[in-house]
Structures are given as C-alpha cells and as structure tokens.
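Student: Have a look at this one before I ask anything.
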Amino acid sequence: MKKLNVKQKNWLISAHIVFAALWTGTVLSMALITWSNRIATNGNELYALNFTINLLDDYIVIPSAIGSLLTGGLLSWLTTWGFTKHYWVIVKWVVTIALIVFGTFWLYPWSQAAETIAEAERLRALSNPFYLLDVKAVLVGAVAQVLCLLAVITISVLKPWGKRKVSETQA
C-alpha cells in the first residue's frame with residue numbers, strides 16, 4: 001500500500017490530535033463535574049450533573065475515542081511508523097485499547113447507575129451507598145483516564161524507546 005505524503009500525514013496527525021484533545025478535555029470535565037456532585041444543593045441539580053456526565057460521554061468521549069483509535073490506526077498503516085516497529089506505538093495502542101475497554105465496561109455502567117439513582121432519589125442519592133460508590137468509581141476512573149491520556153499524549157510527542165530491533169528471522 002502506498003504511504004501518505006507529508007501533507008496528507010499532517011492532516012491525519014492533526015485529526016488525531018483533535019480527537020485526543022477532545023477525549024482528554026472531556027474526561028477531565030467529567031471528573032470535575034463528578035467532583036461537584038458532593039456540593040449539589042437540590043435533587044434537580046444533582047440529577048442534572050449526572051445527566052451531563054453521561055451526555056458528555058455519549059456525544060464527545062465515545063466518538064473522540066473511536067476517532068482517536070481510527071486515526072491512530074490509519075497513521076500506523078499508512079506511514080512508516082507501522083503497528084509494531086516502534087515501542088512507543090505499541091504502548092499507545094495498548095493504552096488506548098485498555099482505556100476504551102475500561103470506559104466501556106466500567107466507567108460507562110458506573111456513570112449510568114449514578115444517573116439512574118440520582119433521577120429516582122434526587123438529593124437523597126447523596127446518602128445512598130450505591131450512588132456514593134458509583135460516583136467515587138467514576139471520579140477515580142476519570143482521573144486515571146486523564147492521567148493515562150496525558151501519558152499517551154506525552155509519548156506521542158517524545159516518541160521514547162525508539163525502534164524495535166527485529167531479528168532476521170522475524171523480518
């Protein structure tokens with residue numbers, strides 16, 4: 001397959017950066033909104049905060065994570081970086097897929113459960129141990145995701161570890 005020229009590669013890298021920035025910034029926003037749950041003054045406000053977290057997840061985090069994965073795949077496929085030639089690319093792939101799996105199977109259900117409880121119980125949710133556990137899990141998970149995404153962005157810029165050494169039998 002023909003590789004991208006410099007202009008095409010730069011456009012694809014720009015799209016990749018936009019998706020990564022959207023993903024990171026939105027997850028950071030979700031963590032801050034989750035943190036503010038504890039100071040909600042009424043049930044409608046508490047529900048609205050939880051609803052907003054899920055709205056951001058559905059309409060910004062999920063599409064930007066998929067966009068980041070797809071543009072990263074295209075960059076690996078259509079440039080000389082490849083999928084397994086460089087350690088930094090492998091690490092980015094592993095972390096990105098792990099973050100998407102974590103978000104899908106843990107963060108998303110926790111935030112959905114918190115919203116459901118807040119909708120039903122309003123301000124009483126703040127004394128519900130299941131709600132408090134879900135909110136704490138969302139907060140810790142979102143902070144962990146932000147830290148991992150910042151690490152992935154740093155790896156993208158620094159490109160540490162260099163190229164993998166490939167023996168002649170693997171080539």
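The values are calculated or read from the model by the stated rules, or taken from the named source; none is laboratory data. Fair warning: this is a prediction, and the values are worked out from it, not measured in the lab. With ideal geometry, Cβ positions are generated from the backbone for all residues, glycine too; neighbour counts draw on all protein chains shown. Ligands, DNA and RNA are stripped out before the accessible areas are found, and what is left, the full protein with its side chains, is counted by its heavy atoms. Shrake-Rupley method; radii C 1.70, N 1.55, O 1.52, S 1.80 Å.
Student: Find the residue count for region 104-130, including only residues that are closer than 25 Å to ALA65 by Cβ and open to solvent by 60 Å² or more (accessible area, probe 1.4 Å).
Tutor: Qualifying residue count for the region: 6.
Student: Here are some residues: ALA142, ALA151. Which one is surrounded by 13 or more Cβ atoms within 10 Å (Cβ to Cβ) and closer than 26 Å to LYS85 by Cα?
Tutor: Result of the check over ALA142, ALA151: ALA151.
Student: Among what's in region 118-139 and is of a type in the set (A, V, I, L, M, F, W, C) and without any contact (Cβ under 8 Å) to a residue 24 or more places away in the chain, pick the residue that is farthest from PHE83 (Cα to Cα). Can you show your working first?
Tutor: Initially, region 118-139 is screened for residues of a type in the set (A, V, I, L, M, F, W, C), giving 118, 120, 123, 125-126, 130, 132-133, 135, 137-139.
Still in the list and also without any contact (Cβ under 8 Å) to a residue 24 or more places away in the chain: 120, 130, 132-133.
Details: ALA120: 47, PHE130: 41, LEU132: 41, LEU133: 38 Å.
The qualifying residue farthest from PHE83 (Cα to Cα) is ALA120.
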